[in-house]
Amino acid sequence: MPAHFDVAVVGLGAMGSAAVAHLAARGVKVIGIDAYYPAHALSSSHGDSRLIRLGYFEDPSYVPLLLRAYANWRALEARLREDILTITGVLQIGKPDSKIVSGTRKSCTLHNLPLETLGPDEMRRRFPVFSLDEDEVALLDPQGGYLRPEAAVMGYLKLAAADGAALHFGERVTAVEPSETGVSIVSGTGRYTAAKVIVATGSWIGELVPALRDHAVPIKQVVSWYQPVDGFVTTPQRMPVFIRDEGENGSFFGFPAIGVDGVKVGRHAHFREPIDPNQPNPAVNERDTNLLDSFIRHRLPAAAGLRVRSTTCRYTMLPSEDFLLDLLPDDKRIVVASPCSGHGFKFTSVVGEILADLALDGGTDLPIDAFSFEAMDRFSSPA
Ligand SMILES: Cc1cc2nc3c(=O)[nH]c(=O)nc-3n(C[C@H](O)[C@H](O)[C@H](O)COP(=O)(O)OP(=O)(O)OC[C@H]3O[C@@H](n4cnc5c(N)ncnc54)[C@H](O)[C@@H]3O)c2cc1C
């Protein structure tokens with residue numbers, strides 16, 4: 001007889017680790033299974049830092065989820081007695097009518113969130129590492145900052161184990177098979193049954209969720225770290241995390257010198273090159289580093305010293321560049337968590353709660369209507 005669980009979580013990256021911890025904390029008999037080990041280099045949840053911000057330029061409707069995410073991150077830290085979230089403020093830089101600047105302003109106004117507007121002169125005085133054009137502004141969201149992704153994933157798994165979850169690493173799930181009595185989870189080395197299954201397999205989501213095969217597209221994302229020329233102006237105390245709207249050249253993001261590697265920068269969605277999740281990550285090439293080198297030299301000259309490290313990570317994009325958090329329409333015992341289109345990490349702490357709600361109650365009080373299969377299909381079909 002295969003071992004039976006109330007809930008099985010397939011994939012223990014950001015979303016799966018948070019889900020398994022939320023479930024175990026509620027006293028549920030839960031198993032979590034991952035093909036590799038926590039925060040491994042083929043996952044989407046490695047690389048030292050992830051941005052978190054409250055005045056969400058993408059859409060104001062994310063703000064209530066973010067408020068809950070902040071509370072849940074603080075709850076995680078309290079249980080772990082460890083720092084996961086550091087507030088540095090987030091600067092959102094661009095022309096006043098750019099998507100990032102106007103969207104942030106709209107979100108903050110609607111939700112009554114504090115926001116400071118800084119022009120080029122004030123930026124030079126307060127945050128000299130940044131170089132602004134005369135017609136640009138920076139909006140300072142004082143509640144923004146960064147998260148430590150590896151520590152968060154590991155922390156959730158530690159708590160899940162302490163609360164009694166069974167955690168299996170190095171075990172690839174090959175099939176999730178619904179039957180009349182439950183759902184079977186078949187792996188290379190085992191077979192289990194569960195009343196409910198959460199599938200949170202990141203860039204591999206299309207393999208176990210055929211409904212997402214044509215929609216969820218893994219792409220290459222590259223980030224590089226630079227030794228600052230001026231270490232004084234790039235510390236987290238003097239350099240907020242930032243996002244920069246570069247118009248047709250896309251948007252760039254970056255972090256102060258948090259660890260020994262220095263200042264980290266990347267371009268959101270990079271060159272949008274699709275990748276095969278079952279192949280090793282494509283190597284970082286000259287085109288990748290040229291893009292980031294020229295950005296940092298132009299926009300953050302005091303940080304643009306020796307490039308010491310570059311790495312490839314994976315974004316997995318849905319057509320709307322949104323999230324998908326829903327029960328599978330064909331079988332409501334299966335909960336699906338998409339890897340969130342390159343901006344999901346900050347929500348991990350609330351997504352874990354949502355996935356636990358969906359598995360146990362079939363619904364949640366948190367506002368996720370925009371993240372359903374129905375919404376995705378509407379977006380994907382021609383207007
Ligand atoms: C470079 C980079 C920068 C980013 N910056 C930000 C940011 O600043 N802020 C932000 O909010 N978000 C950011 N994101 C996005 C965010 O990191 C992702 O949305 C998030 O990490 C996705 O987590 P996940 O759990 O869905 O996927 P993953 O962490 O990839 O986890 C999926 C897990 O499923 C496992 N798995 C897959 N298939 C199977 C199987 N068949 N059987 C068993 N296990 C399986 C994998 O081994 C993996 O561990 C960034 C992403 C990247 C790559």
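The values are calculated or read from the model by the stated rules, or taken from the named source; none is laboratory data. Here the structure is a predicted model, which means the values were calculated and not measured. Note: ideal-geometry Cβ built from the backbone for every residue, glycine included; neighbour counts use all protein chains shown. For accessibility, only protein heavy atoms count, side chains too; no ligands or nucleic acids. Shrake-Rupley method; radii C 1.70, N 1.55, O 1.52, S 1.80 Å.
Hey, which of these cross-link pairs are over 32 Å Cα-Cα: Lys95/Lys158; Lys95/Lys264; Lys29/Lys220?
Details: Lys95/Lys158 44 Å; Lys95/Lys264 23 Å; Lys29/Lys220 36 Å.
Among Lys95/Lys158; Lys95/Lys264; Lys29/Lys220, the Cα-Cα distance tops 32 Å for Lys95/Lys158; Lys29/Lys220.
With the other protein chains left in place, how much accessible area per residue, in square angstrom, belongs to the chain at a 1.4 angstrom probe?
Per-residue accessible area for the chain comes out at 41 Å².
Indicate the helices, whole DSSP H runs only, in the chain that combine a mean Kyte-Doolittle hydropathy of 0.0 or more with a Cα extent along their long axis of 24 angstrom or more.
63-80
Add -39500 (n - 2.57) for each DSSP H run of 4 or more in the chain, then divide by its residues: what number comes out at 222 nm, to the nearest 500 deg cm²/dmol?
-8000 deg cm²/dmol
Pick from Ala194, Ala337, Ala19: which residue has the top mean-square fluctuation in a GNM of the chain where Cα pairs under 10 Å get a spring?
The residue with the greatest mean-square fluctuation here is Ala194.
How far, in nm, would the chain grow between Glu273 and His298 when pulled straight, counting 0.36 nm per residue and subtracting the alpha carbon separation?
Fully extending the segment from Glu273 to His298 adds 6.5 nm.
At a 1.4 Å probe, what is the % contribution of carbon and sulfur to the accessible area of the chain?
The computed percentage sits at 52.
Starting from the alpha-carbon convex hull of the chain, give the projected area averaged over all orientations, in nm².
18.5 nm²
Which whole-number percent gives the relative contact order of segment 75-217, counting Cα pairs below 8 Å spaced six or more residues apart?
Worked out over segment 75-217, it gives 19 percent.
About its Cα centre, how strong a charge dipole does segment 55-214 have in debye, to the nearest 20, once Lys and Arg get +1 and Asp and Glu get -1 at the Cβ?
480 debye
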